[in-house]
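Heads up: the structure comes next, in structure tokens.
The values are calculated or read from the model by the stated rules, or taken from the named source; none is laboratory data. Given the structure is predicted, the values throughout are model-derived calculations rather than measurements. In this analysis, Cβ positions are derived from the backbone assuming ideal geometry, glycine residues included, and neighbour counts consider all displayed protein chains. Side chains included, ligands, DNA and RNA excluded: accessible areas come from the protein's heavy atoms. Shrake-Rupley method; radii C 1.70, N 1.55, O 1.52, S 1.80 Å.
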Amino acid sequence: MGEDTDTRKINHSFLRDHSYVTEADIISTVEFNHTGELLATGDKGGRVVIFQREPESKTAPHSQGEYDVYSTFQSHEPEFDYLKSLEIEEKINKIKWLPQQNAAHSLLSTNDKTIKLWKITERDKRPEGYNLKDEEGKLKDLSTVTSLQVPVLKPMDLMVEVSPRRIFANGHTYHINSISVNSDCETYMSADDLRINLWHLAITDRSFNIVDIKPANMEDLTEVITASEFHPHHCNLFVYSSSKGSLRLCDMRAAALCDKHSKLFEEPEDPSNRSFFSEIISSVSDVKFSHSGRYMLTRDYLTVKVWDLNMEARPIETYQVHDYLRSKLCSLYENDCIFDKFECAWNGSDSVIMTGAYNNFFRMFDRNTKRDVTLEASRESSKPRAVLKPRRVCVGGKRRRDDISVDSLDFTKKILHTAWHPAENIIAIAATNNLYIFQDKANSDMH
């Protein structure tokens, strides 16, 4: 994906005034479903917007379908914990789709404390001709019923209904940072700063604690859990990352409580690079298994790394996302940007990886050719059929015409949340309150 990239932008559907962005409109998570036909976004206002890909038109069979708003609903409301005198934000931290079992779709959404299971169904017919009810649904006087008729289904305008199926509450003392659906399609896990719980999708009143790193004395706390994910094929394996930059692979067959990991993935620190910020920038903000299940992708503040499950000592690949910020860490610490949590994503064939940066830039790295590109999600690039031009950040010395100086980067414009279509070169980029969808026309089929 690069120079031949066709682009489309869809505004977040709640955006009313382009000049003024409310906190509630800021997108906080983006997730494609397993086929890529649906795309869900969650925002800080507790809302979920689902986009559906339109079918290809008969007049232009090779044109890819656009994504249009399919359904919008309020997933979470602000709450108050009276025991702890704490406000619980409505912000959607994560959305995960469940594999489709029937005509309905299902997804999990979570805020800091409560996970909800939602069912999305379509209705395009309504029954008419009841024997015991009139057209308004009121019961008839039985004495007036003289004959029986067979009710019929009549066509009606398509209605998308979203209903809450289950609410999984009271499982976490600390803020939930990730949820992951197991490949057995029956269980899922949720992780907070110190614990990971295993839930059954049909049981809401209890969960099993599978990781607990809380020390007896909180003063001894040295690291927290930052992200976790199930293996895509082996239902007994999962990984969790920590604020110290390590990954722990756990096997649920070994013990009920997986405090003792099966494998520890950790890169030894280069003493020459040691600084006051070393521990902060080494914290892993996201971990993703490859579709094949052979590799893991992690993101820390300055790099993305690819790990082989068979090699714990060091990553097999390291890519610099924005190394030009290394000299700016002091000011990034002062404005709290150094604590930003960027996500990362694989393409469908695990050959390209993507992650976000500042100034509405996002980066792509081709693992085979070792080429990388910086692209920008902006109003200019969002016109239909516009081509994305590679961007370049200049640190010093000679500047080319389109280069942008590292000193003029806008750190309030950050791309933290990204998603890649599971089978095609279509990506979704959340930039503050806008959702951008880009598509590579030249290489629609990535395999």
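Give me the residue from the stretch 229-273 that is surrounded by fewer than 19 Cβ atoms within 10 Å (Cβ to Cβ) and of a type in the set (K, R) and, out of that set, nearest to the chain's Cα centre (by Cα).
Once the filter is applied, the top-ranked residue is K244.
Given the conditions (1) in contact with a Phe, Trp or Tyr (Cβ under 9 Å, 6 or more places away or on another chain); (2) at pLDDT 95 or above, which single one is not true for I27?
Only one criterion is unmet by I27, namely (1).
Of the conditions (1) under 16 Å from T298 (Cα atoms); (2) of a type in the set (V, I, T); (3) surrounded by fewer than 18 Cβ atoms within 10 Å (Cβ to Cβ), I213 fails just one. Which one is it?
(1)
Out of the residues in the stretch 323-356 meeting the condition of being in a loop (DSSP other than H, G, I, E, B) and not small (G, A, S), tell me which one is most open to solvent (accessible area, probe 1.4 Å).
First, the residues of the stretch 323-356 that are in a loop (DSSP other than H, G, I, E, B): 335-336, 340-343, 347-351.
Retained after the next criterion (residues that are not small (G, A, S)): 335-336, 340-343, 347, 350.
Numbers: N335: 79, D336: 92, D340: 32, K341: 126, F342: 1, E343: 18, N347: 4, D350: 16 Å².
Per the stated criteria, the residue is K341.
So, V224, is that one closer than 20 Å to K260 by Cβ, open to solvent by less than 30 Å² (accessible area, probe 1.4 Å) and out of contact with any helix residue (DSSP H, G or I) (no Cβ under 9 Å at 6 or more places or on another chain) or not? Give the steps one after another, and end with the answer.
On the way: closer than 20 Å to K260 by Cβ: yes; open to solvent by less than 30 Å² (accessible area, probe 1.4 Å): no; out of contact with any helix residue (DSSP H, G or I) (no Cβ under 9 Å at 6 or more places or on another chain): yes.
Answer is no for this residue.
With the condition kept exactly as written, say whether any residue in the stretch 362-375 is more than 27 Å from I27 (Cα to Cα), touching a residue at least 60 places away in the same chain (Cβ under 8 Å) and open to solvent by less than 70 Å² (accessible area, probe 1.4 Å).
yes
Return the residue satisfying two criteria in turn: it lies in the stretch 126-159 and is assigned to a strand (DSSP E or B) and over 30 Å from F73 (Cβ atoms), and of such residues it is least open to solvent (accessible area, probe 1.4 Å). Even if it seems obvious, please write down each step before you answer.
Taking the stretch 126-159 and keeping what is assigned to a strand (DSSP E or B), we get 126-128, 133, 139, 152-159.
Next cut, over 30 Å from F73 (Cβ atoms) only: 139, 152.
Working: L139: 143, V152: 69 Å².
Taking the candidates together, the pick is V152.
Which of the following residues is open to solvent by 10 Å² or more (accessible area, probe 1.4 Å) and under 27 Å from H417 (Cα atoms): S207, S183, S178?
Values: S207 fails: under 27 Å from H417 (Cα atoms); S178 fails: open to solvent by 10 Å² or more (accessible area, probe 1.4 Å).
S183 is the lone residue from the list that is open to solvent by 10 Å² or more (accessible area, probe 1.4 Å) and under 27 Å from H417 (Cα atoms).
Show me the strands (runs of 3 or more DSSP E) found entirely inside the stretch 365-433 where at least 2 residues are of a type in the set (D, E, K, R). Let's see the steps before the verdict.
Working: elements: 372-376, 417-420, 426-431.
Where strands (runs of 3 or more DSSP E) fall fully within the stretch 365-433 and carry at least 2 residues being of a type in the set (D, E, K, R), they are 372-376.
Looking only at residues in the stretch 192-204 that are open to solvent by 10 Å² or more (accessible area, probe 1.4 Å) and assigned to a loop (DSSP other than H, G, I, E, B), which one is nearest to I167 (Cα to Cα)?
Going through the qualifying residues, I end up with T204.
Which members of the stretch 205-233 meet the condition of being within 17 Å of S180 (Cβ to Cβ) and in a strand (DSSP E or B)?
The first filter runs over the stretch 205-233 and keeps only residues within 17 Å of S180 (Cβ to Cβ), leaving 207-211, 225-233.
Within the stretch 205-233, F208, N209, I210, V211, I225, T226, A227, S228, E229, F230 meet the criteria.
Exactly one of these conditions fails for V69: (1) open to solvent by less than 80 Å² (accessible area, probe 1.4 Å); (2) out of contact with any Asp or Glu (no Cβ under 9 Å at 6 or more places or on another chain); (3) over 28 Å from C185 (Cα atoms); (4) hydrophobic (A, V, I, L, M, F, W, C). Give me its number.
Every listed condition holds for V69 apart from (3).
With (1) of a type in the set (D, E, K, R); (2) modelled with pLDDT of 95 or more; (3) more than 18 Å from S180 (Cα to Cα); (4) in contact with an Asp or Glu (Cβ under 9 Å, 6 or more places away or on another chain) as the list, and R299 as the residue in question, which single condition is left unmet?
So R299 meets the others, but not (3).
Please identify the pairs in which a residue from the stretch 197-216 that is under 20 Å from F238 (Cα atoms) has its Cβ atom under 9 Å from the Cβ atom of a residue that is open to solvent by 50 Å² or more (accessible area, probe 1.4 Å) and aromatic (F, W, Y), counting only partners at least 6 apart or on another chain.
Final answer for the pair search is N197/F208; L198/F208; W199/F208; H200/F208; K214/Y174.
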